[in-house]
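Participant: Structure incoming, see below.
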Amino acid sequence: MRPTLVVLNAGSSSLKFQVFDRLDDVDPKVVWKGQYEGLGQRARFRVARDTAAIVDEAQWAAEEGVDHEFALMHLVTWLQQYRNERKLVAIGHRVVHGGDAYAAPVLVDDEVVARLETLSPLAPLHQPHNLQPIAIARRRIPDVPQVACFDTAFHHNQTEIATMYALPKDIRDRGVRRYGFHGLSYDYIASVLEDTDPRLASGRVVAAHLGNGASLCALSGGVSLATTMGFSALDGLPMGTRCGAIDASVVFYMLREMGHTAEEAERVLYTQSGLLGVSGLSNDMRTLRREAPSNADARKAIDLFVYRIIRETGSLIAVLGGIDGLIFTAGIGENDAATRAAVVAGLSWTGLTLDEAANTAGGPRISSSASPSAWVIPTNEELVIARQTRDVINAARHSV
Ligand SMILES: Nc1ncnc2c1ncn2[C@@H]1O[C@H](COP(=O)(O)OP(=O)(O)O)[C@@H](O)[C@H]1O
Ligand SMILES: CC(=O)OP(=O)(O)O
Ligand SMILES: [Mg+2]
């Protein structure tokens, strides 16, 4: 039976997974990769071999209410067909919020679970979906180790000033600070910079993770100096359904003058804002692109998204003292050539120029300028989780 690792990555609209073996190689080898997307709406399941050939797929109508929990149980059943060939040695989980306590991946035990549960209010679209599979696996397969890998950990070495809010000490002492997210994705990007262009590995890079959640990260020599998300994954850029950075007074206004409860205000800012809120149509860039020619609100949503990316990139370029490279990744960054073209145009003052044919073809290099350069790099958060999980398991074995 082949030693095998399963990796789970629950995003706000998706459950992604990969199955790995050859765990003693430099990088574990992917056997299958798949995802459930559109959870809560029309949901779709697809799984491919490492060679990218689709081996199975399924679809559910919106009325069937396919959510994260259904997807997880469907995946458990799907994996059962291989139980006689493979020995599951660990499950690696993306956990969006590690708070102050966790700057590195950890082996899950009762104490870890208890601490991570206290962070759920800071990541309501993610943390419950990250912790549920851990709880189910610990109950059903208690002998299999579970490893939690954090979105926040990659940003832990930022300076105190970069992570501080200008708030009184008693509030800051409660862990109220900028944490930053999408760290597993930025860790992957940092790990491939040397092979992409050695000037980027030692240089000043802005990485743009533009998916249903969206953020930017300033990387200097592959290390995170600053990022647009803060205390929670609500901050920074506007996203599929999240508002991004707004004046905190907007919340007081909603509570006092508009009669919202705190729960209603939270729901509006997390689930009814962003591309969906501005367009009144959809959180999905594919739908907005399709409707934009005849729908002014869809155009406005896209324009605001692009404008905020350009503005925030300028701020990160100031932190870096210049820019050598711009990287696009995640659902929109990897697939939406028009967003990339508009962002590069807005940054032409840096010397960036677009290679239109390469951009339309999807990269990898999409700038005609060599420095600064612009790139499309498909992210692979699951590979980072697999690397971290394997290392945590090996370290635990050696310590007994
Ligand atoms: N072909 C495409 N063209 C434009 N946008 C796309 C395309 N495919 C996916 N997207 C965008 O990417 C988003 C999903 O990104 P992803 O990074 O997978 O999300 P999550 O935040 O759930 O991990 C979709 O909501 C959609 O806006
Ligand atoms: C942190 C976050 O927003 O993640 P995702 O983009 O997967 O929703
Ligand atoms: Mg994601």
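The values are calculated or read from the model by the stated rules, or taken from the named source; none is laboratory data. In this text, all values refer to a predicted model and were calculated from it rather than measured experimentally. For neighbour counting, all protein chains shown are included, and Cβ atoms are generated from backbone atoms with ideal geometry for every residue, glycine included. What goes into the accessible areas is simple: the full protein's heavy atoms, side chains included, and nothing from ligands, DNA or RNA. Shrake-Rupley method; radii C 1.70, N 1.55, O 1.52, S 1.80 Å.
Participant: For the stretch 356-375, enumerate the residues that are surrounded by 21 or more Cβ atoms within 10 Å (Cβ to Cβ) and among the aliphatic types (A, V, I, L, M).
Facilitator: Ile366, Ala374
Participant: Now, a different point. Pairs under 7 Å by beta carbon, first residue over 14 Å from Glu381 (Cβ atoms) and among the charged types (D, E, K, R) in the stretch 204-215, partner open to solvent by 10 Å² or more (accessible area, probe 1.4 Å) and more than 10 Å from ligand 3 (Cβ to nearest atom), six or more apart or different chains?
Facilitator: Arg204/Ser220; Arg204/Leu320; Arg204/Gly321; Arg204/Gly322; Arg204/Ile323; Arg204/Asp324
Participant: Next up: Taking the options Gly211, Gly244, name whichever one is away from ligand 3 (no atom under 15 Å from the Cβ) and open to solvent by less than 30 Å² (accessible area, probe 1.4 Å).
Facilitator: Every option except Gly244 fails the conditions.
Participant: Please specify each residue of the stretch 331-350 satisfying the condition of being within 16 Å of ligand 2 (Cβ to nearest atom) and surrounded by 22 or more Cβ atoms within 10 Å (Cβ to Cβ).
Facilitator: If the condition is that a residue be within 16 Å of ligand 2 (Cβ to nearest atom) and surrounded by 22 or more Cβ atoms within 10 Å (Cβ to Cβ), then Gly331, Ile332, Gly333 are the ones that fit.
Participant: Still on this model: Out of the residues in the stretch 14-32 meeting the condition of being assigned to a strand (DSSP E or B) and of a type in the set (D, E, K, R), tell me which one is farthest from the chain's Cα centre (by Cα).
Facilitator: It comes out as Asp21.
Participant: Here's a follow-up. Of the numbered conditions (1) outside any helix (DSSP H, G or I); (2) in contact with a helix residue (DSSP H, G or I) (Cβ under 7 Å, 6 or more places away or on another chain); (3) open to solvent by 10 Å² or more (accessible area, probe 1.4 Å), Tyr188 fails exactly one; give the number of that condition.
Facilitator: (1) is the only condition that Tyr188 fails.
Participant: Can you tell me which residue is surrounded by the fewest Cβ atoms within 10 Å (Cβ to Cβ) among those in the stretch 141-162 that are free of Cβ contacts under 8 Å to residues at least 24 places away in the same chain and under 19 Å from Ile393 (Cβ atoms)?
Facilitator: Asp143
Participant: Next up: Considering Val106, Val95, which residue is within 16 Å of ligand 2 (Cβ to nearest atom) and either out of contact with any Cys (no Cβ under 9 Å at 6 or more places or on another chain) or touching a residue at least 24 places away in the same chain (Cβ under 8 Å) (or both)?
Facilitator: After applying the criteria, what remains is Val95.
Participant: If you scan the stretch 270-321, which residues turn out to be among the basic types (Lys, Arg) and open to solvent by 40 Å² or more (accessible area, probe 1.4 Å)?
Facilitator: Arg286, Arg289, Arg290, Arg299, Lys300, Arg311
Here's the yes/no breakdown for (1) within 16 Å of ligand 1 (Cβ to nearest atom); (2) over 14 Å from Asp197 (Cβ atoms):
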{"site": "Asn335", "(1), (2)": "yes, yes"}
{"site": "Ala341", "(1), (2)": "yes, yes"}
{"site": "Asn359", "(1), (2)": "yes, yes"}
{"site": "Ser371", "(1), (2)": "no, no"}
{"site": "Val376", "(1), (2)": "yes, no"}
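Participant: Does Ala207 meet the test of being touching a Phe, Trp or Tyr at 6+ places or on another chain (Cβ under 8 Å) and either assigned by TED's automatic domain parsing to the domain that holds Ala341 or of a type in the set (S, T, N, Q) (or both)?
Facilitator: Taking the combined requirement at face value, the residue satisfies it.
Participant: Take the residues of the stretch 121-138 that are within 17 Å of Gly180 (Cβ to Cβ) and open to solvent by 30 Å² or more (accessible area, probe 1.4 Å): which is nearest to ligand 2 (Cβ to nearest atom)?
Facilitator: Step by step, filter the stretch 121-138, then rank; the result is Leu125.
Participant: Going by the structure shown, is Thr118 among the hydroxyl-bearing types (Ser, Thr, Tyr), open to solvent by 50 Å² or more (accessible area, probe 1.4 Å) and modelled with pLDDT under 90?
Facilitator: no
Participant: Starting from the stretch 231-243, take each residue that is hydroxyl-bearing (Ser, Thr, Tyr) and list its partners that are within 13 Å of ligand 3 (Cβ to nearest atom) and open to solvent by less than 10 Å² (accessible area, probe 1.4 Å), counting only C-beta distances under 9 angstrom and pairs at least six apart or across chains.
Facilitator: Ser232/Ala123; Ser232/Phe181
Participant: Considering (1) surrounded by fewer than 21 Cβ atoms within 10 Å (Cβ to Cβ); (2) touching a helix residue (DSSP H, G or I) at 6+ places or on another chain (Cβ under 6 Å); (3) assigned to a helix (DSSP H, G or I), say which one Pro378 fails and leave the rest.
Facilitator: Unmet for Pro378, out of (1) surrounded by fewer than 21 Cβ atoms within 10 Å (Cβ to Cβ); (2) touching a helix residue (DSSP H, G or I) at 6+ places or on another chain (Cβ under 6 Å); (3) assigned to a helix (DSSP H, G or I): (3).
Participant: Can you confirm whether Val205 is buried (at least 16 other Cβ atoms within 10 Å of the Cβ) and away from ligand 2 (no atom under 16 Å from the Cβ)?
Facilitator: yes
Participant: Taking the stretch 337-359 only, how many residues are assigned to a loop (DSSP other than H, G, I, E, B) and farther than 20 Å from Leu237 by Cβ?
Facilitator: Of the residues in that region, 3 qualify.
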